[in-house]
Amino acid sequence: MRVVEQALRRGYRHVDTAELYDNEGEVGEGLRASGIKREEVFVTTKVWPSHFAPRDLERSAQASLERLGLSQVDLFLLHWPNPQIPLRDTLGALCKVKRMGLARHIGVSNFTVALIEEAVKLAQEPLVCNQIEMHPFIDNRR
């Protein structure tokens, strides 16, 4: 909580979290403690692939908002692809989350080019992002 608060007070304006990171509550507390206006901070969170079934995805989005203490995130992402659940169903639920006003924008994370192309064709709302994991111990050239 304190790290988020201090980062925002020092000028950071994007906070990235995820259901998996188990820190959404602390992120929300840090946001409120910082005194920075909500509209000045871009908040991203991600849903874990085991929650990609439509009902699970909607519940997960609502639970993330509750933990964050927000009525809406700026960007809601699918954390990793999940071949066990049809992408059409997952994207339908993701688009519904946006239409419900739970997220201003939606997107994906760690999708291959082929999966992004498929997702764009299936989505009824614009997918604005493919956030990728990048660090020295991962080869992202695939």
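A few notes on this one:
- Partner aspartates and glutamates for Lys121 [C-alpha distance under 18 Å; skip if fewer than 8 residues away on the same chain]: Asp89
- The chain - percent of accessible surface contributed by carbon and sulfur, probe 1.4 Å: 54 percent
- Comparing Glu39, Glu24, Glu118 in a Gaussian network model of the chain where C-alpha atoms under 10 Å apart are linked, the largest mean-square fluctuation is found at Glu39.
- Magnitude of the charge dipole, the chain, Cβ model with Lys/Arg +1 and Asp/Glu -1, debye to 20: 300 debye
- Taking label positions 7 Å along the Cα-Cβ direction at both Glu118 and Arg59, the computed distance is 2.6 nm, reported to one decimal.
- Derived scalar couplings between HN and Hα for the range 102-109 equal 7, 9, 6, 9, 10, x, 10, 9 Hz in order, rounded to whole Hz, by the Karplus curve 6.51 cos²θ - 1.76 cosθ + 1.60 (θ = phi - 60°), x for Gly and Pro.
- Ellipticity estimate at 222 nm from DSSP helix runs (n ≥ 4, -39,500 (n - 2.57)) divided over the chain, nearest 500: -12500 deg cm²/dmol
- Per residue, the accessible area of the chain comes to 57 Å², computed with a 1.4 Å probe over protein heavy atoms only.
- Divide the volume of the convex hull around the Cα atoms of the chain by the residue count and you get 113 Å³ per residue.
The values are calculated or read from the model by the stated rules, or taken from the named source; none is laboratory data. The model shown is predicted, which means the values in this text are computed figures rather than measured ones. Ideal geometry is used to build each Cβ from the backbone, glycine not excepted, and the neighbour counts take in all protein chains shown. To get the accessible areas, we keep the full protein, side chains included, count just its heavy atoms, and leave off ligands, DNA and RNA. Shrake-Rupley method; radii C 1.70, N 1.55, O 1.52, S 1.80 Å.
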